[in-house]
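Asks: First, the structure itself, so that you have it in front of you.
Please treat every number below as a calculation from the coordinates, not as lab data. In this text the structure is predicted, and so the values were computed from the model without any measurement. Don't worry about glycine lacking a Cβ; one is built from the backbone with ideal geometry, like all the others, and counts go over all protein chains shown.
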Amino acid sequence: MTTTKHIRFKEYLERKHKRLIEEAYNIRYTDSSLSDVLTYEALQLDQKLKFLQF
């Protein structure tokens, strides 16, 4: 049961990371400061994913 929770949590984090990267890319030309914030959040999330290594 716990393994299933970990897998679902990892998939959630991966989807969130992908969404942040796509959003940062799409907004890059209109609002660079928001794009930088989204990119930073995505990088932080990526570090968490690498740290957790399910």
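Asks: Can you work out the FRET efficiency for the pair residue 40 and residue 9, with r the C-beta to C-beta distance and R0 = 22 Å, to the nearest 0.05?
Replies: FRET efficiency, residue 40 to residue 9: 0.55.
Asks: List, largest first, the extents of the alpha carbons of the range 1-53 along their principal axes, each in whole Å.
Replies: For the range 1-53, the Cα extents along the three principal axes come out at 44, 16, 10 Å.
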